[in-house]
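To keep things clear, I will list the structure first and then write my remarks on it.
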Amino acid sequence: MAKQKNVATKGAKSGRFVLGSDGFAKISKVEGIELTPAMKKRASDARTKGLTAEEYRQAIIRSHRKG
């Protein structure tokens, strides 16, 4: 019988967690950062398109490029 890999799940045991957009917005507000409508739309579009983290970063970079 083959050994099974012990895959850590996200949670308290692994020390990882996922912060949703609502939670992120609340924390950002405490820090004095507010998402603009353009930022909210870009995030929504990325979720709809199913972009990876790297693709989403590239979309953000493209939106801030000059010329």
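The values are calculated or read from the model by the stated rules, or taken from the named source; none is laboratory data. None of the values given here were measured: they were computed from a predicted structure. We work out accessible area using only protein heavy atoms, side chains counted, and drop any ligands, DNA or RNA first. Shrake-Rupley method; radii C 1.70, N 1.55, O 1.52, S 1.80 Å.
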Write down the accessible area per residue of region 13-61 in Å², having rolled a 1.4 Å probe over the full set of protein chains. 86 Å²
HN-Hα couplings for region 39-55 via Karplus (6.51, -1.76, 1.60; θ = phi - 60°), in whole Hz with x for Gly/Pro, come out as 5, 5, 5, 4, 5, 5, 4, 5, 5, 4, 7, x, 5, 6, 4, 5, 5
